[in-house]
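A.B. asks: Can you read through this structure? Questions will come right after.
The values are calculated or read from the model by the stated rules, or taken from the named source; none is laboratory data. In this text, all values refer to a predicted model and were calculated from it rather than measured experimentally. Cβ placement follows ideal geometry from the backbone for every residue including glycine, while neighbour counts extend to all protein chains displayed.
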Amino acid sequence: MLALFNTHFDVWSSERALHESNAVESGFTKLRKQGHMFEDGGATWLRTTDFGDDKDRVLIKADGEYTYFASDTAYFVNKRDRGFDICIYLLGADHHGYVNRLKAVAQCNGDDKSAAEVLIGQLVKITKGGEEGKLSKRSGNIVTLEELVEEVGVDAARYSLIRYPVDSPLTLDLEVIAQRTNDNPVYYVQYAHARLASVLRNASDLKIDWASSEFDPGLLTHERENELLGALGEFPRIVASAAELREPHRVARYLEELGAGYHRFYDACRVLPRGDEAVTSEHIARLWLCAAARQTLANGLALLGVSAPERM
């Protein structure tokens with residue numbers, strides 16, 4: 001299901017494999033040597049209070065059973081030993097108490113606490129036809145990812161989940177995100193891409209070889225042209241900040257603004273000649289601008305794992 005959802009894992013490790021490969025004991029040996037593990041009451045503990053946790057954590061119970069936190073601890077050490085410089089955890093809202101203990105694990109391993117980044121996700125509410133439920137086991141009303149995709153499609157589901165900060169409560173209106181109207185953000189962005197692709201196809205049909213000509217930005221003097229140029233120039237900064245802050249919604253919101261900028265440009269500036277009108281250098285410059293906007297929309301959608309249709 002995750003592959004269908006365009007979510008792919010380069011490396012996947014199970015908790016069982018962690019124990020079978022002796023990675024747990026290997027990690028514990030390292031932490032013992034550094035003086036961060038101790039025995040008390042027959043149990044084995046990690047001294048996380050040395051690094052801001054509210055209490056020390058049990059790794060191995062008195063009966064010899066490993067705790068869940070034992071695997072979390074060993075897995076962090078294992079990932080660092082394999083060369084990963086930052087470990088990013090995405091946890092549910094009910095796991096907020098894990099933040100300090102995971103950062104303490106990083107410090108027990110000799111790392112800065114920033115080596116463990118913890119993102120806290122919120123619950124998602126689903127509305128449709130006046131009925132409301134939420135993705136919560138306790139509510140007894142569970143909507144699976146597969147059901148969501150069947151209802152609205154992969155693109156709409158992915159985009160709708162991505163376009164909000166991970167720590168913000170989210171309500172998805174299935175009727176809105178399934179619509180083929182401008183009220184649906186993913187449709188709005190994809191339609192802008194398809195519209196741009198259509199313009200470039202029409203230019204090809206008219207035998208306008210714009211790509212072999214030099215791009216002259218000095219010919220773009222209209223307010224809407226400059227607005228679109230400025231928006232295109234923001235793309236690298238947006239992508240960099242989204243990656244640095246772990247906030248992919250920044251890319252989605254940027255694409256919506258870029259799509260809006262393109263629609264305003266298209267309504268104000270004629271891109272292709274009419275009838276027997278000669279092709280001018282201004283037409284060429286605008287076609288270059290359209291090509292850049294189309295490519296940027298395609299690149300942004302690809303980063304989000306959403307398709308960029310040529311036709312809609």
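A.B. asks: Taking segment 60-80 on its own, how many of its residues are in contact (Cβ under 8 Å) with a residue 40 or more places away in the chain and charged (D, E, K, R)?
C.D. replies: Selection size over segment 60-80: 0.
A.B. asks: Do you know which residues across segment 243-253 are among the aliphatic types (A, V, I, L, M) and free of Cβ contacts under 8 Å to residues at least 40 places away in the same chain?
C.D. replies: Of everything in segment 243-253, those that are among the aliphatic types (A, V, I, L, M) and free of Cβ contacts under 8 Å to residues at least 40 places away in the same chain turn out to be ALA243, LEU245.
A.B. asks: Here's another thing I want to ask about it. Can you tell me which residues in segment 141-156 are in contact (Cβ under 8 Å) with a residue 40 or more places away in the chain and among the aliphatic types (A, V, I, L, M)?
C.D. replies: Residues satisfying the conditions are LEU145, VAL149, VAL154.
A.B. asks: Report yes if some residue within segment 235-245 is among the aliphatic types (A, V, I, L, M) and more than 23 Å from the chain's Cα centre (by Cα); otherwise report no.
C.D. replies: For segment 235-245, residues among the aliphatic types (A, V, I, L, M) and more than 23 Å from the chain's Cα centre (by Cα): absent.
A.B. asks: Let me ask something else about it. Within the set of pairs 6+ apart or on separate chains, which have a first residue in segment 180-203 that is under 17 Å from ASN299 (Cα atoms) and hydroxyl-bearing (Ser, Thr, Tyr), a second that is buried (at least 21 other Cβ atoms within 10 Å of the Cβ) and at pLDDT 95 or above, and C-beta atoms under 8 Å apart?
C.D. replies: Taking only residues 6 or more apart or on different chains, the pairs are TYR187/ALA156; TYR188/GLY259; TYR191/GLY259.
A.B. asks: Scanning for something exposed (fewer than 13 other Cβ atoms within 10 Å of the Cβ), outside the structural domain of ARG270 (by TED's automatic domain parsing) and either part of a helix (DSSP H, G or I) or without any contact (Cβ under 8 Å) to a residue 24 or more places away in the chain (or both), does segment 157-172 turn up at least one residue?
C.D. replies: no
A.B. asks: Within the group LEU297, LEU219, LEU228, which residue is surrounded by 14 or more Cβ atoms within 10 Å (Cβ to Cβ) and over 29 Å from the mean Cα position of the chain (by Cα)?
C.D. replies: LEU219
A.B. asks: Of all the residues that make up segment 58-79, how many are within 23 Å of the chain's Cα centre (by Cα) and of a type outside the set (Phe, Trp, Tyr)?
C.D. replies: Residues in segment 58-79 being within 23 Å of the chain's Cα centre (by Cα) and of a type outside the set (Phe, Trp, Tyr): 1 in total.
Residues are listed down the side, and each one gets a yes or a no for (1) in contact with a helix residue (DSSP H, G or I) (Cβ under 6 Å, 6 or more places away or on another chain); (2) assigned by TED's automatic domain parsing to the domain that holds GLY275; (3) under 29 Å from TRP288 (Cα atoms):
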{"position": "LEU145", "(1), (2), (3)": "no, no, no"}
{"position": "VAL154", "(1), (2), (3)": "no, no, no"}
{"position": "PRO217", "(1), (2), (3)": "no, yes, yes"}
{"position": "GLU227", "(1), (2), (3)": "yes, yes, yes"}
{"position": "VAL251", "(1), (2), (3)": "yes, yes, yes"}
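A.B. asks: Counting only residues that are in a helix (DSSP H, G or I), over 27 Å from PRO165 (Cα atoms) and acidic (Asp, Glu), how many does segment 246-285 have?
C.D. replies: 2
A.B. asks: Something else: Within the set of pairs 6+ apart or on separate chains, which have a first residue in segment 254-273 that is within 16 Å of VAL199 (Cα to Cα) and in the same structural domain as LEU196 (by TED's automatic domain parsing), a second that is among the aromatic types (Phe, Trp, Tyr) and buried (at least 20 other Cβ atoms within 10 Å of the Cβ), and C-beta atoms under 9 Å apart?
C.D. replies: These pairs meet every condition: VAL271/PHE265.
A.B. asks: Please give the number of the condition ARG57 fails out of (1) without any contact (Cβ under 8 Å) to a residue 40 or more places away in the chain; (2) closer than 19 Å to VAL99 by Cβ.
C.D. replies: (1)
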